[in-house]
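Asks: Shown below is the structure under consideration.
The values are calculated or read from the model by the stated rules, or taken from the named source; none is laboratory data. Every value quoted in this text rests on a predicted model; they were computed, and no experiment measured them. When we count neighbours, we look across all protein chains shown, and the Cβ atoms used for this are built from the backbone with ideal geometry, even at glycine. The area values use the complete protein model at the heavy-atom level, side chains included, leaving out ligands, DNA and RNA. Shrake-Rupley method; radii C 1.70, N 1.55, O 1.52, S 1.80 Å.
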Amino acid sequence: MAKRSYTKTPMKEQAPEIRNHNFDEVALGYTLEEGQQEASRCLQCKNAPCIENCPVMIDIPGFIKAIEDGEMPLAYEILSKYSNLPAICGRVCPQEKQCEMVCRLGRSKKFEPVAIGKLERLVADWALEQPFEAKEASGEKGRVAVIGAGPSGLTVAGDLAKSGYDVTVYEALHAPGGVLTYGIPEFRLPKRIVKKEIDRIVAQGVKIETNVVVGKTITMYEIISDFDACYLSVGAGAPRFQGIKGTSLNGVYSSSEYLTRVNLMHGYEFPKYDTPIQKSKNVVVIGGGNVAMDAARSAKRLGAEKVSIVYRRSLEELPAREEEYHHSVEEGIEYHWLTNPIEYMDDGAGRLKSVKCVQMELGEPDDSGRRRPIVIPGSEFIIEADTAIEAIGQGANKVLLDTFPELALNKWGYIDADEETCATSIPGVFAGGDIVTGAATVILAMGAGKIAANEIDQYIQKTRQEQLV
């Protein structure tokens, strides 16, 4: 056996000075030989902790061993038992905080963990190039409606269709995918990958109807009467603002609006698509999560000369993926640590001209466990900007919730659903993803979808048996 490498097999990337001028994917993927080299590092642990730390419980050692042996069909067969969106998860899932974090190889001081996410992407990308056969949904077990075609809804739909259900997904936007389509930029998650993954789910017999706003186009009462059960996964895409003076100025965006214009409305393909999006010179992005990174890196690619991220804590508390932070620095994004905006300044004509900020220091931990930022008196300073993008979180979509008052909500305005079953206060109505947890990761939304699919199946079969008695 060859000597095990201390470090992960590197994945080729576009050079920073080239990629910050285009929206092509940054990471270029493994070749089969590179994947086999990386797969050979896996210890093939019994009772592998990586499985337990995966929200969808993928047999990680199993598919990695198949890669090492050159058995790509087997690797995909294993992977697809657990995930309906592996090519997406291999790109955007925070493996470093989940499966890779507990990799026994990586827990040694000498070795890096196995690159599980990169290997998942290798297998999934291989599978997307293979022919597949479309099926008719049998519908023999019942009919299920899914509200929202994001990662959680697509997971429920795919799993239930495989189990013999007739599934219809209702999507408010003109394209399915949810945050995968409107939120995550092309350079991190190409739209062709999202489309191919969704095509495979549709091929299982799932029907997706776009431009259907549940609560407006169709009511929840109609859905409840027409289907045996339904799953609510409408996401948490409502924009949030700090509410500081000048928020209404031209040039101040929510990250939701900015990224939707760039991604769903194809602003990144100007002039092929004439999407109205401001041409910026100096951009300030407020926030420290992956959404802030996406907005800042998109602005740079759209031609901004200077892009700064303003974050009220330090690098140590930054919630964004480490990989996204390093990519942003390589691409020329600047950072103002321990800084928070307190006013957007007017140029006299209703447009943003600068952002007044204040410096912070960190005090005791708050409810999130992170140290609470405290304003330093007299520390105000100005950052010149013609565009500001607030990426400070998102709220619940109220269109459906406001028209379905019987549904219980929690104190934050999200759907109150049982964590273990995804059941809501209405029998036969289940919910999961960001509309339950608040904005979270793609893989956690998928994990809820896996749970819900199983619970919906049990609910419908139990209901039918009771009706026969």
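Asks: Would you kindly derive the ³J(HN,Hα) couplings of the range 272-279 from the backbone phi angles with the Karplus curve 6.51 cos²θ - 1.76 cosθ + 1.60 (θ = phi - 60°), listing them in order in whole Hz, with x for Gly and Pro?
Replies: With coefficients 6.51, -1.76 and 1.60, one gets 4, 10, 8, 6, x, 9, 5, 7 Hz.
Asks: Using 0.36 nm per residue, how much length does the chain from Asn211 to Asn250 gain when fully extended, once their Cα-Cα distance is taken away?
Replies: Length gained, Asn211 through Asn250: 11.2 nm.
Asks: What ³J(HN,Hα) values, in whole Hz, does the Karplus curve 6.51 cos²θ - 1.76 cosθ + 1.60 give for the range 355-363 when θ = phi - 60°, with x put for Gly and Pro?
Replies: These are the phi-based 3J(HN,Hα) values: 10, 7, 10, 10, 8, 10, 10, 9, x Hz.
Asks: Taking the Cβ-Cβ separation of Asp24 and Glu343 as r and a Förster radius of 35 Å, what is the calculated FRET efficiency to the nearest 0.05?
Replies: 0.40
Asks: Right, here's the next one. Please list, ordered by chain and number, the residues whose modelled amide H lies under 5 Å from the amide H of Thr339; skip anything fewer than 5 residues away on the same chain.
Replies: Tyr311, Arg312, Arg313, Met360
Asks: For the residue pair Glu112 and Glu330, what label-to-label distance in nm results when each label sits 7 Å from Cα along the Cα-to-beta-carbon direction?
Replies: 1.1
Asks: Still on this structure, I have one more. Rounded to two decimals, what ratio of Rg to Rh does the range 4-147 give with C-alpha atoms and a Kirkwood Rh?
Replies: Dividing the radius of gyration by the Kirkwood radius yields 1.02.
Asks: Pairs of alpha-carbon atoms within less than 8 angstrom and 6+ residues apart define the contacts here; what relative contact order does the chain have, in percent?
Replies: Relative contact order for the chain comes out at 15 percent.
Asks: Under 8 Å for C-alpha pairs, at least 6 residues apart: give me the relative contact order for the range 395-443, rounded to a whole percent.
Replies: Averaging sequence separation for qualifying contacts and normalising by length gives 32 percent for the range 395-443.
Asks: When N is the residue count of the range 82-122, what does its C-alpha Rg come to as a fraction of 2.2 N^0.38 Å?
Replies: Rg over 2.2 N^0.38 Å, computed on Cα atoms: 1.20.
Asks: Can you tell me the length gained on complete extension of the stretch Glu17 to Ala203, counting 0.36 nm per residue apart and subtracting the Cα distance?
Replies: Between Glu17 and Ala203, full extension yields an extra 63.0 nm.
Asks: Return the long-range amide H neighbours of Glu25 (sequence gap of 5 or more, or a different chain), with a cut-off of under 5 Å between placed amide H atoms.
Replies: none
Asks: Cα gyration tensor of the chain, axes a ≥ b ≥ c as square roots of the eigenvalues: rounded (a/c below 1.5), prolate (a/b > b/c) or oblate?
Replies: oblate
Asks: Could you work out how much longer the chain between Ser425 and Thr7 gets when fully extended? Use 0.36 nm per residue separation minus the Cα distance between them, nm to one decimal.
Replies: Answer, rounded to one decimal: 145.6 nm.
Asks: Find which of Val436, Ser328, Pro377 sits farthest along the positive direction of the dipole of the range 327-469, computed with +1 on the beta-carbon of Lys and Arg, -1 on that of Asp and Glu, about the Cα centre.
Replies: Going by the charge dipole, the pick is Val436.
Asks: If you take the square roots of the eigenvalues of the alpha-carbon gyration tensor of the range 138-190 and sort them as a ≥ b ≥ c, do you get rounded (a/c under 1.5), prolate (a/b over b/c) or oblate?
Replies: It is prolate, given that a/c is not under 1.5 and a/b is the larger ratio.
Asks: Let me ask something else about it. Just by accessible area at a 1.4 angstrom probe, what is the order of Ile198, Ile376 from largest to smallest?
Replies: Result of the area sort, largest leading: Ile376, Ile198.
Asks: Nearest 5 is fine: what % of DSSP beta bridges in the chain come out antiparallel, could you say?
Replies: Beta bridges within the chain, antiparallel portion: roughly 40 percent.
Asks: Separate question: For a test of the definition: using alpha carbon positions, the gyration tensor, and the 1.5 limit on a/c, classify the range 340-469 as rounded, prolate or oblate.
Replies: Taking the square roots of the gyration eigenvalues as a ≥ b ≥ c, the range 340-469 is prolate.
Asks: Determine the alpha carbon to alpha carbon distance for each of Lys272/Lys300; Lys216/Lys306; Lys118/Lys462; Lys81/Lys300; Lys135/Lys191; Lys81/Lys195 and list only those over 31 Å.
Replies: In this structure, Lys216/Lys306; Lys118/Lys462; Lys81/Lys300 lie more than 31 Å apart at Cα.
Asks: Aspartates and glutamates near Lys97 by alpha-carbon distance under 18 Å, same-chain residues fewer than 8 away left out - which ones?
Replies: Within the straight-line cut-off, Lys97 pairs with Glu52, Asp59, Glu112, Glu120, Glu316, Glu317, Glu322, Glu323, Glu324.
Asks: OK, next. Tell me which residues come under 5 Å, amide H to amide H, from Gly139 once H is placed; ignore anything under 5 positions away on its chain.
Replies: Tyr165, Asp166
Asks: Taking the Cα of Lys281, stepping 7 Å toward and past its beta carbon, and measuring to each backbone N in the range 357-399: which are under 16 Å?
Replies: Of the residues in the range 357-399, 383-388 have backbone N under 16 Å from the label point off Lys281.
Asks: To continue, here is another question. Convert each backbone phi in the range 4-9 into a coupling constant with the Karplus relation 6.51 cos²θ - 1.76 cosθ + 1.60 (shift: θ = phi - 60°), then list the ³J(HN,Hα) values in order as whole Hz, x for Gly and Pro.
Replies: Calculated HN-Hα couplings, in order: 6, 6, 6, 10, 4, 5 Hz.
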